[in-house]
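Undergrad: Got a structure for you, written out below as structure tokens; questions coming shortly.
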Amino acid sequence: MMAAPNWVTVESSGGQTWDGIWTFDRGHRTMSGSWVNRQTGQRVYARHMNVTQQGRQLIISRPGVGNYVGTLQNHGRAITGTMSWVSGRFSAHM
């Protein structure tokens, strides 16, 4: 998962679903993200999301918003977890 150039993500909270792409920057310690809301078409972007890994747990810090906290699944090919700024879930895969 950490070696993949980008991850495809889905975030769900409060009846809203966001589809995203997270793309690693050089060095694979930070990434940029772009999302589109399935219901409204709204687009948002983020840069310099910091990624830390401790065993199977990943924490992705989204500046000015909060943290994604997830666990590697499916032999390291997917992540599922929560978002600190809303009650909801996210998933990401290569």
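The numbers here are math on the coordinates, done by the rules we state, and not lab data. This structure is a prediction, so every number in the text was calculated from the model and none was measured. Don't worry about glycine lacking a Cβ; one is built from the backbone with ideal geometry, like all the others, and counts go over all protein chains shown.
Undergrad: For region 68-79, give me each residue that is out of contact with any His (no Cβ under 7 Å at 6 or more places or on another chain) and exposed (fewer than 15 other Cβ atoms within 10 Å of the Cβ). Show your work before the answer.
TA: Filtering region 68-79 for residues out of contact with any His (no Cβ under 7 Å at 6 or more places or on another chain) gives 68-76, 79.
Of everything in region 68-79, those that are out of contact with any His (no Cβ under 7 Å at 6 or more places or on another chain) and exposed (fewer than 15 other Cβ atoms within 10 Å of the Cβ) turn out to be Thr71, Asn74, His75, Gly76.
Undergrad: Is it the case that Ser13 is in contact (Cβ under 8 Å) with a residue 24 or more places away in the chain, surrounded by fewer than 17 Cβ atoms within 10 Å (Cβ to Cβ) and of a type in the set (Ser, Thr, Tyr)?
TA: yes
Undergrad: Let me ask something additional. Select from region 70-94 the residues that are hydrophobic (A, V, I, L, M, F, W, C) and either closer than 17 Å to Gly33 by Cα or in contact with a helix residue (DSSP H, G or I) (Cβ under 7 Å, 6 or more places away or on another chain) (or both) and list them in ascending order.
TA: Going through region 70-94, the residues hydrophobic (A, V, I, L, M, F, W, C) turn out to be 72, 78-79, 83, 85-86, 90, 92, 94.
Ala78, Ile79, Met83, Trp85, Phe90, Ala92, Met94 - these are the residues of region 70-94 that are hydrophobic (A, V, I, L, M, F, W, C) and either closer than 17 Å to Gly33 by Cα or in contact with a helix residue (DSSP H, G or I) (Cβ under 7 Å, 6 or more places away or on another chain) (or both).
Undergrad: Within region 1-48, how many residues are within 11 Å of the chain's Cα centre (by Cα) and of a type in the set (D, E, K, R)?
TA: 2
Undergrad: Please specify each residue of region 23-39 satisfying the condition of being within 12 Å of Met49 (Cα to Cα) and of a type outside the set (A, V, I, L, M).
TA: Thr23, Phe24, Asp25, His28, Arg29, Thr30, Ser32, Gly33, Ser34
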